[in-house]
1. How far apart, in nm, are two points set 7 Å out from the Cα along the Cα-to-Cβ line at Gln57 and at Phe6?
2. What list of ³J(HN,Hα) values in whole Hz, one per residue of the range 20-35 in order, does the Karplus curve 6.51 cos²θ - 1.76 cosθ + 1.60 (θ = phi - 60°) give from phi, with Gly and Pro shown as x?
3. Show me, for the range 90-95, the HN-Hα J-couplings you get by feeding each phi into the Karplus relation (A = 6.51, B = -1.76, C = 1.60, θ = phi - 60°), rounded to Hz, glycine and proline as x.
4. For Leu46, Leu90, what ranking results if the residue with the fewest other Cβ atoms within 10 Å of its Cβ goes first?
Amino acid sequence: MSYLRFRLAEYRALAAACRSVVFSDDFFPAFQGFLAAALGDTQPDLARRIARFRRYQLGILFEHFKGQTAGPGGPPGPAREPEGGAGCDLTGDELEAVAQASGSFWLPQRFRAAYRTFLVRRLGQAAPDLSRKLAGLSDGQIEWLGQWVQERRKPSA
């Protein structure tokens, strides 16, 4: 039997990072980089440790959190479903600032935490109030915001 050991704070940070992940086999190759990026600011030592994991260690961690997000009798899915119809309480100017800050940045839905982190950092000095607002958004609101930005980028027909 193989296992990994983490301090409680480390495990909680890992669990929080994995909350928005849809664990599928095609995500496994990106899992290590995702965790290292997601933990880089809050748990830099843990991020470096994860970056040095061997494949089998990463597999243990991946399978653990994959099991944590599987519903009863159902396929694996996100640990927390986005809230239905969850928009953001942002002004038009704030939405425009987010769209501009996003630039060409794009991540699939399962990387909501990384998108939030990116926006908070990017806008931190230029718009600290907006940055704080974005940090407090739920996963569902971040998903909505990301979709809004993506839709805005599509050329008009």
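Throughout, read-outs are computed from the coordinates displayed, never taken from laboratory work. From a predicted model like this one, the values you see are computed outputs, not experimental measurements. Cβ: placed from backbone, ideal geometry, glycine included. Neighbour counts: every protein chain shown.
1. Placing both labels 7 Å along Cα→Cβ, they lie 1.3 nm apart.
2. Once rounded to whole Hz, the list reads 9, 8, 9, 7, 10, 4, 6, 8, 3, x, 8, 4, 5, x, 4, 4.
3. Rounded to whole hertz, the list is 10, 6, x, 5, 5, 4.
4. Leu90, Leu46
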